[in-house]
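*Asks:* Can you keep this structure in mind? I'll have questions shortly.
The values are calculated or read from the model by the stated rules, or taken from the named source; none is laboratory data. Since the model is a prediction, treat every value here as computed from it, not as a measurement. Note that each Cβ is placed from the backbone with ideal geometry, even for glycine, and that neighbours are counted across all protein chains shown. Heavy atoms of the whole protein, side chains included, go into the accessibility calculation; ligands, DNA and RNA do not. Shrake-Rupley method; radii C 1.70, N 1.55, O 1.52, S 1.80 Å.
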Amino acid sequence: MAQDFEKQYNPADYEDAINKEWLDSGFFNPDNLKLPDDAPPYAIVLPPPNITDKLHVGHAMMIAIEDLLIRYKRMNGFCALWIPGTDHAAIATQNVVEKRLFKETGQTRHDLGREKFLAEVNKFATVTQKTILNQIKKMGASLDWSRLAFTLDEQRGKAVKKMFIEMYNDGVIYRGERVINWCPRCKSTLADDEVEYKEQTAKLYTFKYSKDFPIAISTTRPETKLGDTAVAVNPRDERYKKYIGSTFEVDFVGVPLKIKIIADIGVEMDFGTGALGVTPAHLMVDYQMSQKYDLEMIKVIGEDATINPGFGDYSGLKAAQAREKIVERLRESGLLEKEEEIANNLSQCYRCETPIEPIPSKQWFVDVDKKLKKLGDKSLKEISLEASKSGEIKFTPERFQGQYENWMNNLHDWCISRQIWYGHRIPAFYQIKDKKEKIKNWDLKIYGENIYQDLKNKSKTIETRAGRAKGDGKDWAEFKVGDLIDFSLVEDKTEKVIESGVKKKISGISHFSSIAEMLEKISLEKIYPGKTEADYRALMENNFKDRLEKFGIWAFELVGLDEQIVYVSENKPEGDGWIQDEDTLDTWFSSGMWTFSTLNWPDSVRPGRTSAGEARFVKTGDLAKYHPTAVLETGFEILTLWVSRMILMSYYALGEKPFSDVYLHGNILDEHGKKMSKSKGNGVDPLDVIAKYGTDALRLSLLIGSTPGNNARMSWEKIEAQRNFVNKLWNISRYILENKSPLSRGVDAEGGRGVSGGAGETGAEAWILDRCNNLIGEMKKDIEVFAFSQAGEKLIDFVWNDFADWYLEASKFEESENKKEILPYVLRTILKLAHPFMPFVTEAIWKKFNDSMLMVEKYPVVGTQDFAFLPKSGNFELIKDIVMAIRNARAENKVEPARKIEAVIYAGDKVEIVKQNEILIKSLKTGISDLKILEKGEKISGAIYAAVGEIEIYLLGAVDAEKEKVRLEKEIANLEKFVSALDKKLSNQEFVGKAPEKVVNIEKEKLAKAEAELAKLKEQLAEL
RNA sequence: GGACGGUUAGUUCAGCGGUUAGAAUGCCUCGUUUACACCGAGGAGGUCGUAGGUUCAAAUCCUACACCGUCCACCA
């Protein structure tokens, strides 16, 4: 570390050494602070940064704010714990690596295979993780590195599994269907934020399903209408009111449909025909509507974007071809009423721009509405809402409470499975049955003619006639998984025959009373090559009876229900044939547990009961001590994504809130007001800023001049300004610490011992101590309500304006024994107050005159007794006013600073006070060589005049009468304006009558003061 | 389409019922006094987006509108 007290503070000379000292001390870990047992705990979890990229200055703000809180609390005697970590950011990270892989080698993840691909991702993760942690450390963040966590590490994996299993066993997690975004080219699902919308023009077709259907609907995608099961209209729409509730059986271009007419207020009467064809399987909104109104779902389009089997001529066609064909058919039959061009948004894959097909698929969900015993018969949604409504959890700024509640209110079941590889693999296992084994769990696959022809050659095909297997002569019940039961030879292809066949086959195993029931209960999981589960499900489940004959169902295949035996557990169950679910969990599932998974949940709970006697477990160790954490500080954009999930999961796992306060900061935008993002490449690396201006300057610039929840622009000028402040503090300290005997020098030797007689205290000293004390209180108040910017501004204002510009200057000319103590005292106080804002310089300065470490010093408290003997308030404000008035008058009269002039002050009843401060008035850049202080006297013409309340000041010599006249006139004009405004206000009876007396009195005083000063100025002007 | 936020000095932003609306930066004038030119002293600069309303009192509360931004839903 540099030893000299350089003229300029060079952060690079100090920061690394100080950081090392901090780290070596071990005090970032509160266990090492050796605090008394009753020290209150205070914990913050660092919102784990995504490992997709290195940090930018937005993250630096997060660090600055949280470190401020932690350092502040630590100095205030709290057991302050700040837990570091990173987030694996599943989808985002996988995407980055996939893109890079493709760019560099032309390979996709499928080419590599799961294992090799994950190795690649991990390689990438390790590198960025290291970069990120290094950046955070550089910023001086006092995080407890011994508790470092990663959302995808072993301990967190344990927590995730435990949580999943517990939720599954409680019935909170379930498996269900949902419409997802599917890219037919990439053959994968897309997260909502991976869908891009592109403006385009599309043809909007308006038509009726059939001649006997009364309502026309509009669509840009007629092919999906093959899967319509309802038409929605607005309940207030007079045109359609009479149809609501009825069901129509229609023949839509050759495909039979059952259409129910439903009413939904979401339907706009003015758009199109005011009626909306509902396609549950292929539109998100329609899917939601189908859930709401319990509609049937018909799957029309498969994973390869062709029409599923079971739709006659259309089956196998590409969506676009089918559309043409359908439109053609509609046109021919005269059902097409209108064709128009409209502008709409095409959703497409962000990667390959292929249009997205929304298709239904099996996913894992968290049921947010299920009432849970352990939550007092409330659902997760209810308990999470209650948390904010009751004020258990507070939001800063408050407006985000509304946003949170609004989102919670509208929350649907949370889909937690993701079709990607990077992440926590879902701890669900499915058993593949041995094909030789007798069928216990089974399913059917159904085949149409085309596929049947392919299959026919395979040896497994067993032709069946009237429920009796041919070939090897086995009974139904003896079929094995994989056997194909051929119905082509069944003469009577009616439901009844098949039903009886099926019934026979399953006798003693499962029981269905009808095919309908069978279809309801079984699920067709296994995907036949080229076709998907969804395809077959579509065929099986929808209007089965009609289609069976219509499209020629040729065969069923018996399929072991391998995916039906679901076993949710931490480890693969014993026995052969178990495979784990291919999917991984939503990244927010693991980060949602962050407040307690970082505190070693579930290892940190053991069975037992609390004093309340209700709990199923007791918290131990860190979890008991620090959970719920104190405050969650993060960006407002992840309020719903992350914050709400943490609340939900904490209540579930621990029955308590994860934190008491939520503080949301805004984004740091670039210099042009654009959001910093990887793709734009406009992110600024905090390390670059630090290299140029130092960490403290960076931190200050991020803490000051911004308000919670609002975005702030990054500004180099602001950083530079803060760098200047850092340097100012450095130099203030340098002056105080290097000045061995800061004794009065006085401008005027004759002035002798200047101030305030023998007592030794001066007005300036009392004043600065009072100001300092005031600052301590103000900053405390601000910090505790998260008003960091205000606290910082007050600090700077005090240090620069009060302390440096006034007290320090005054101290140069005042002889006082006290100042040898007061100067260091105020400096120490400042360093402590400033430490959470600018830890490095303050520590560097502290080291110059202390052996201890500032980071763990006691924070100042209001009402220090150290200088209790000094008068509580001085008259220094008055002296300041006089000095400023003189400076101002001189400057306005263009009296060169070097020129000394004489002055006379008529101080009235303040004459003693002013006399006591004669030296200060002469010395503080007023350029006065000779000063007379009298109680009162004659007006002096030809002098520069200034008034401070009752006090009259005359500056003699060097007077430019013209300039003085102009100046006085200007001042008088200003005052007159002020006085007349006040006058008017006070003569307004309504104001005097209705406003609080206090306000009126203040105004009256103001008026009297202004009038007195105005009179004096006018007199003086007359003298000229 | 819905929700939220913003619109205040040349610029970046505070203030969000009651002293002549503040700060930083920039600008102008001046300045080598025992720390600091990354400094000191002084100054100019605002009808607080527009139009109404509530109030003794509005930048501040309400209502509309305009423009900018963010998030959500995506439109049959």
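*Asks:* Report the residue count in the range A:767-790 for those that are in contact (Cβ under 8 Å) with a residue 40 or more places away in the chain, in a helix (DSSP H, G or I) and within 29 Å of the chain's Cα centre (by Cα).
*Replies:* The number of residues fulfilling the criteria is 5.
*Asks:* If you take the residues of the range A:922-945 that are open to solvent by less than 10 Å² (accessible area, probe 1.4 Å) and within 24 Å of residue A:1011 (Cα to Cα), which of them is nearest to RNA strand B (Cβ to nearest atom)?
*Replies:* A:944
*Asks:* If the Cβ limit is 6 Å and pairs must be 6+ apart or interchain, which residue in the range A:268-289 that is within 13 Å of residue A:219 (Cα to Cα) and open to solvent by 30 Å² or more (accessible area, probe 1.4 Å) pairs with which residue that is of a type in the set (A, V, I, L, M) and within 6 Å of RNA strand B (Cβ to nearest atom)?
*Replies:* Pairs found: A:276/A:267.
*Asks:* Still on this model: If a residue must be within 15 Å of RNA strand B (Cβ to nearest atom) and open to solvent by less than 20 Å² (accessible area, probe 1.4 Å), how many such residues does the range A:807-833 contain?
*Replies:* Here the count works out to 12.
*Asks:* Take the residues of the range A:982-995 that are near RNA strand B (Cβ under 10 Å from one of its atoms) and in a helix (DSSP H, G or I): which is surrounded by the most Cβ atoms within 10 Å (Cβ to Cβ)? Steps first, please.
*Replies:* Taking the range A:982-995 first, the residues near RNA strand B (Cβ under 10 Å from one of its atoms) are A:982, A:985, A:988-995.
Within this subset, residues satisfying the condition of being in a helix (DSSP H, G or I) are A:982, A:985, A:989-994.
Details: A:982: 17, A:985: 15, A:989: 8, A:990: 7, A:991: 14, A:992: 15, A:993: 8, A:994: 10.
Step by step, filter the range A:982-995, then rank; the result is A:982.
*Asks:* Let me ask you something else. Which of (1) hydroxyl-bearing (Ser, Thr, Tyr); (2) over 18 Å from residue A:686 (Cα atoms); (3) in contact (Cβ under 8 Å) with a residue 12 or more places away in the chain is the odd one out, the single condition residue A:108 does not satisfy?
*Replies:* For residue A:108, the exception is condition (3).
*Asks:* With respect to residue A:796, determine if the residue is within 16 Å of RNA strand B (Cβ to nearest atom) and not hydroxyl-bearing (Ser, Thr, Tyr).
*Replies:* On the way: within 16 Å of RNA strand B (Cβ to nearest atom): yes; not hydroxyl-bearing (Ser, Thr, Tyr): yes.
So residue A:796 passes the test.
*Asks:* Then there is this: Looking at residue A:603, is it in a helix (DSSP H, G or I) and open to solvent by 10 Å² or more (accessible area, probe 1.4 Å)?
*Replies:* Details: in a helix (DSSP H, G or I): no; open to solvent by 10 Å² or more (accessible area, probe 1.4 Å): yes.
Criteria not met by residue A:603.
*Asks:* Another question about this same structure. Check the range A:933-942 and report whether any residue there is within 24 Å of residue A:813 (Cα to Cα) and not in a loop (DSSP other than H, G, I, E, B).
*Replies:* Yes; the residues of the range A:933-942 include at least one that is within 24 Å of residue A:813 (Cα to Cα) and not in a loop (DSSP other than H, G, I, E, B).
*Asks:* Among A:331, A:323, which is the only one that is in contact with a helix residue (DSSP H, G or I) (Cβ under 9 Å, 6 or more places away or on another chain) and either within 14 Å of RNA strand B (Cβ to nearest atom) or more than 23 Å from residue A:287 (Cβ to Cβ) (or both)?
*Replies:* Numbers: A:331 fails: in contact with a helix residue (DSSP H, G or I) (Cβ under 9 Å, 6 or more places away or on another chain).
Unique residue meeting the criteria: A:323.
*Asks:* Here's something else I'd like to know. Checking the structure you have, find out if any residue of the range A:671-681 is at pLDDT 90 or above and more than 7 Å from RNA strand B (Cβ to nearest atom). Walk me through how you get there before you give the answer.
*Replies:* Quick first cut of the range A:671-681, residues at pLDDT 90 or above only: none.
Among the residues of the range A:671-681, not one is at pLDDT 90 or above and more than 7 Å from RNA strand B (Cβ to nearest atom), which makes the answer no.
*Asks:* What are the residues in the range A:264-287 that are near RNA strand B (Cβ under 9 Å from one of its atoms) and assigned to a loop (DSSP other than H, G, I, E, B), if any?
*Replies:* Our first condition is that a residue be near RNA strand B (Cβ under 9 Å from one of its atoms); within the range A:264-287, this holds for A:264, A:266-279, A:283-287.
Within the range A:264-287, A:264, A:266, A:267, A:268, A:269, A:270, A:271, A:272, A:273, A:274, A:279, A:283 qualify.
*Asks:* Output the qualifying pairs, or none if there are none: Cβ atoms under 7 angstrom, residues six or more apart or on different chains, first residue in the range A:881-906 and more than 12 Å from residue A:964 (Cα to Cα), second residue within 9 Å of RNA strand B (Cβ to nearest atom) and open to solvent by 70 Å² or more (accessible area, probe 1.4 Å).
*Replies:* Sorted first by the residue in the range A:881-906, then by its partner, the pairs are A:887/A:925.
*Asks:* Go over the candidates A:1009, A:998, A:1004 one by one and state the one that is within 12 Å of RNA strand B (Cβ to nearest atom), surrounded by fewer than 12 Cβ atoms within 10 Å (Cβ to Cβ) and part of a helix (DSSP H, G or I).
*Replies:* Working: A:1009 fails: surrounded by fewer than 12 Cβ atoms within 10 Å (Cβ to Cβ); A:1004 fails: surrounded by fewer than 12 Cβ atoms within 10 Å (Cβ to Cβ).
Just one listed residue meets the conditions, A:998.
*Asks:* Would you please name the residue that is farthest from residue A:660 (Cα to Cα), looking only at residues in the range A:394-430 that are under 16 Å from the mean Cα position of the chain (by Cα) and crowded, with 19+ Cβ neighbours inside 10 Å?
*Replies:* So the residue we want is A:408.
*Asks:* Also: How many residues does the range A:48-60 contain that are open to solvent by less than 10 Å² (accessible area, probe 1.4 Å) and either part of a strand (DSSP E or B) or among the aliphatic types (A, V, I, L, M) (or both)?
*Replies:* So the answer is 4.
*Asks:* Of the residues that make up the range A:617-624, is at least one open to solvent by 30 Å² or more (accessible area, probe 1.4 Å), closer than 21 Å to residue A:665 by Cα and either modelled with pLDDT of 90 or more or not aromatic (Phe, Trp, Tyr) (or both)?
*Replies:* Scanning the range A:617-624 turns up no residue that is open to solvent by 30 Å² or more (accessible area, probe 1.4 Å), closer than 21 Å to residue A:665 by Cα and either modelled with pLDDT of 90 or more or not aromatic (Phe, Trp, Tyr) (or both).
*Asks:* Those residues that are among the aliphatic types (A, V, I, L, M) and in a loop (DSSP other than H, G, I, E, B), I need them from the range A:396-418; list them, please.
*Replies:* First, pick out the residues of the range A:396-418 that are among the aliphatic types (A, V, I, L, M): A:408, A:411, A:416.
Answer for the range A:396-418, where residues must be among the aliphatic types (A, V, I, L, M) and in a loop (DSSP other than H, G, I, E, B): A:411, A:416.
*Asks:* Turning to a different aspect of this structure: Need a quick list: strands (runs of 3 or more DSSP E) entirely within the range A:153-241 having at least 3 residues that are free of Cβ contacts under 8 Å to residues at least 60 places away in the same chain, open to solvent by less than 20 Å² (accessible area, probe 1.4 Å) and acidic (Asp, Glu). Give the derivation first.
*Replies:* On the way: elements: A:173-183, A:188-190, A:195-207, A:217-219, A:230-233.
Filter on the range A:153-241 gives an empty set.
*Asks:* Further question: From A:328, A:339, grab the single residue that is surrounded by fewer than 21 Cβ atoms within 10 Å (Cβ to Cβ), touching a residue at least 24 places away in the same chain (Cβ under 8 Å) and either in a loop (DSSP other than H, G, I, E, B) or acidic (Asp, Glu) (or both).
*Replies:* Numbers: A:328 fails: touching a residue at least 24 places away in the same chain (Cβ under 8 Å).
Unique residue meeting the criteria: A:339.
*Asks:* Which of the residues that make up the range A:933-975 are among the basic types (Lys, Arg) and in contact with a strand residue (DSSP E or B) (Cβ under 7 Å, 6 or more places away or on another chain)? Quick ask: steps written out before the conclusion?
*Replies:* Going through the range A:933-975, the residues among the basic types (Lys, Arg) turn out to be A:936, A:939, A:963, A:965, A:967, A:970.
If the condition is that a residue be among the basic types (Lys, Arg) and in contact with a strand residue (DSSP E or B) (Cβ under 7 Å, 6 or more places away or on another chain), then A:936 is the only one that fits.
*Asks:* A follow-up question, please. Which of the residues that make up the range A:248-263 are within 16 Å of RNA strand B (Cβ to nearest atom) and either surrounded by fewer than 17 Cβ atoms within 10 Å (Cβ to Cβ) or among the aromatic types (Phe, Trp, Tyr) (or both)?
*Replies:* A:252
*Asks:* Hey, among the residues in the range A:685-712 that are in contact with a Gly (Cβ under 6 Å, 6 or more places away or on another chain) and open to solvent by 30 Å² or more (accessible area, probe 1.4 Å), which one's nearest to RNA strand B (Cβ to nearest atom)?
*Replies:* Top of the filtered list is A:710.
*Asks:* So, in the range A:104-152, of the ones that are of a type in the set (A, V, I, L, M, F, W, C) and touching a strand residue (DSSP E or B) at 6+ places or on another chain (Cβ under 8 Å), which residue ends up most open to solvent (accessible area, probe 1.4 Å)?
*Replies:* Narrowing the range A:104-152 to residues of a type in the set (A, V, I, L, M, F, W, C): A:112, A:117-119, A:121, A:124-125, A:127, A:132-133, A:136, A:139, A:141, A:143, A:145, A:148-150, A:152.
From the residues that got through so far, the ones that are touching a strand residue (DSSP E or B) at 6+ places or on another chain (Cβ under 8 Å) too are A:132-133, A:141, A:143, A:148-150.
On the way: A:132: 0, A:133: 30, A:141: 2, A:143: 0, A:148: 76, A:149: 4, A:150: 31 Å².
For the range A:104-152, the residue satisfying everything is A:148.
*Asks:* For residue A:377, state whether it is in contact with a strand residue (DSSP E or B) (Cβ under 9 Å, 6 or more places away or on another chain) and open to solvent by 20 Å² or more (accessible area, probe 1.4 Å). Spell out how you get there, then give the answer.
*Replies:* Values: in contact with a strand residue (DSSP E or B) (Cβ under 9 Å, 6 or more places away or on another chain): no; open to solvent by 20 Å² or more (accessible area, probe 1.4 Å): yes.
Here the answer is no, as residue A:377 does not meet what is asked.
*Asks:* Can you confirm whether residue A:244 is open to solvent by 10 Å² or more (accessible area, probe 1.4 Å), among the hydrophobic types (A, V, I, L, M, F, W, C) and within 14 Å of RNA strand B (Cβ to nearest atom)?
*Replies:* Numbers: open to solvent by 10 Å² or more (accessible area, probe 1.4 Å): yes; among the hydrophobic types (A, V, I, L, M, F, W, C): yes; within 14 Å of RNA strand B (Cβ to nearest atom): no.
Criteria not met by residue A:244.
*Asks:* Determine whether the range A:955-975 contains at least one residue that is assigned to a strand (DSSP E or B), away from RNA strand B (no atom under 12 Å from the Cβ) and surrounded by 21 or more Cβ atoms within 10 Å (Cβ to Cβ). Give the derivation first.
*Replies:* To start, the set of residues in the range A:955-975 that are assigned to a strand (DSSP E or B) comprises A:955-956.
Applying the additional criterion that residues be away from RNA strand B (no atom under 12 Å from the Cβ) yields A:955-956.
Okay, now just the ones that are also surrounded by 21 or more Cβ atoms within 10 Å (Cβ to Cβ), so A:955.
Yes: the range A:955-975 contains one or more residues that are assigned to a strand (DSSP E or B), away from RNA strand B (no atom under 12 Å from the Cβ) and surrounded by 21 or more Cβ atoms within 10 Å (Cβ to Cβ).
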